[in-house]
1. Below 8 Å between Cα atoms, with a sequence gap of 6+, how large is the relative contact order for the range 88-217 in percent?
2. Under a crude label model (7 Å from the Cα following the beta-carbon direction), how far is Asp443 from Ala46 in nanometres?
3. Please compute the length gained on full extension between Gln414 and Asn109, using 0.36 nm multiplied by the number of residues separating them and subtracting their Cα-Cα distance.
4. Once you have the Cα-Cα distance between Arg366 and Ile100, take 0.36 nm times their residue separation minus that, and quote the gain in nm to one decimal.
5. Using the Cβ atoms and a cut-off under 12 Å, what net charge is assigned to the surroundings of Arg342, where Lys and Arg are +1 and Asp and Glu are -1?
6. Between Val37 and Ala421, what's the calculated FRET efficiency when r is the beta-carbon distance and R0 is 51 Å? Round to 0.05.
7. Go ahead and collect, in residue order, the members of the range 168-183 whose backbone nitrogen is under 11 Å from a label point 7 Å along the Cα-Cβ direction of Ser208.
8. How high is the relative contact order of the range 258-352, in percent, counting Cα pairs under 8 Å that sit 6 or more residues apart?
Amino acid sequence: MLLKSIRAIEFCFALISILSAWLIATACNIAYATVNVNQLVNDSAASIVQVQGIQWVKIKIPEQYKNITDDPVYRSLSSILLDNQTPNNTQAAPVIKKRINGSGFIISNNGQIATNYQWVKDTHEVIVTLWDARQFKASITRSDPKNDVALLRIRASNLAALSLAQQVEEGEGVIAIGAKKHGTSVGVIVSTPAQTPGVGLVSDVNVSPENSGGPLLNVYGQVLGINSTRMKTALNLFRHPMLGKLASDGFDTHSATFNSMSYIGFSAADMNNAQDVALGLPNASGAIVLQVRSGSMAAKAGLLKNDVIISLESQSVVGATDLSALPDFLRQDYQARLTVFRDGEKIELQLINPKPKSAIASWSWRKLGLRARPLSIAQKNATDINSGVLITEVKDDGLNNEVQAGDWIISINQVPLTSVAQLNQIAQNLNDGDSVVLYIIRDNARQFVSLIAHE
């Protein structure tokens, strides 16, 4: 009798488990049944954008080929291969544009767009293409590299913006979409930030390059989070960063485009139609110089207030954001050419970045084949690291392929690194063949790499 009772209880528990599973499955099926995926994708289409990050790469021409830019054949080919840009003079260096494409979505009707940080990292130009094929140059207003989120702004209004969901529940149906429709993926919420504060929002949708940067939507077409291929968990699920304070309602998305080149000694902003007419320019493009610091690199090159910068090397400058490539060009080979419009004439200026004169500054280059600079405040704020240096250049001799420009060195031989001077002092004391272990950060991942010192 007792055995029968136990078996009856076991049967009841099994039945309850089966019924619970059936109810959950039914609830999920109802969630999917109440939403037409195709309709939701079509309804959201006007809010989904393509984001193209463009990096300007300056080509160094050997001295014996300096005048090749004057050759008619070269100029014809460069107009095709170099983004329809030909050098303004024979001294301007050719510039190629490396492009990467991803998705994004509109979160305010006045031009605020959310996307992945990976699509705009280290770029000098960002182009946003709307659903109707209109293209806009975008500026990066905020970013969160750790969670792979960036906010962009374009000069447009009356856009179709997606609304942010106010709440999220475990088990609710979700859809991940991107700029490419074949990247659409359907799934459910596995856990919420309330359940797993350290992990955040997790779903079982398939995140791919086709929808990374796009929104994760609930069945009402509201944004729950952002898709990112870099947020994959150990269980093949995906975390979805939530915009939160990064896209706060109080953020001014109409602030003037402004590009401060404090390292070079000037600041510039986009041209407007009134300035265009006053200065006699054919169109409102270029970057107008707002101020030049006395004694700076820009001042020594002859740059003046109210100059309009119209080209950087062989590339036309449409707005102030195009000047973001200038510091990289100056670090690359210590010089860069600008064309400015002044008093109705085009004037060529050459910026010269003085090479380090200190002998100790060359030890890391001579012994380890790398150059470095201190981390900026913004870079320190992006991580929990308050020390370290950033590698800016690696010698192209094939001896130390374990490191690359952009790596952050946290420590060397288990000694925390606090300055470039400390790095050079350590390098100075190395002997030929000594092994060096660096602890670095690359693409938000930490790792150890080893180098061999060379005389």
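No lab work stands behind these numbers, since they all come straight from the coordinates. Not measured: the values here are computed from a predicted model. Here Cβ is always computed from backbone atoms with ideal geometry, including for glycine, and neighbour counts include all displayed protein chains.
1. Computed value for the range 88-217: 25 percent relative contact order.
2. Rounded to a tenth, the inter-label distance reads 3.8 nm.
3. 104.7 nm
4. Values: separation 266, 0.36 × 266 = 95.76 nm, distance 3.46 nm.
Separation in residues times 0.36 nm, less the Cα-Cα distance, equals 92.3 nm.
5. -2
6. The computed FRET efficiency comes out at 0.30.
7. Zone members listed by number: 180-183.
8. 26 percent
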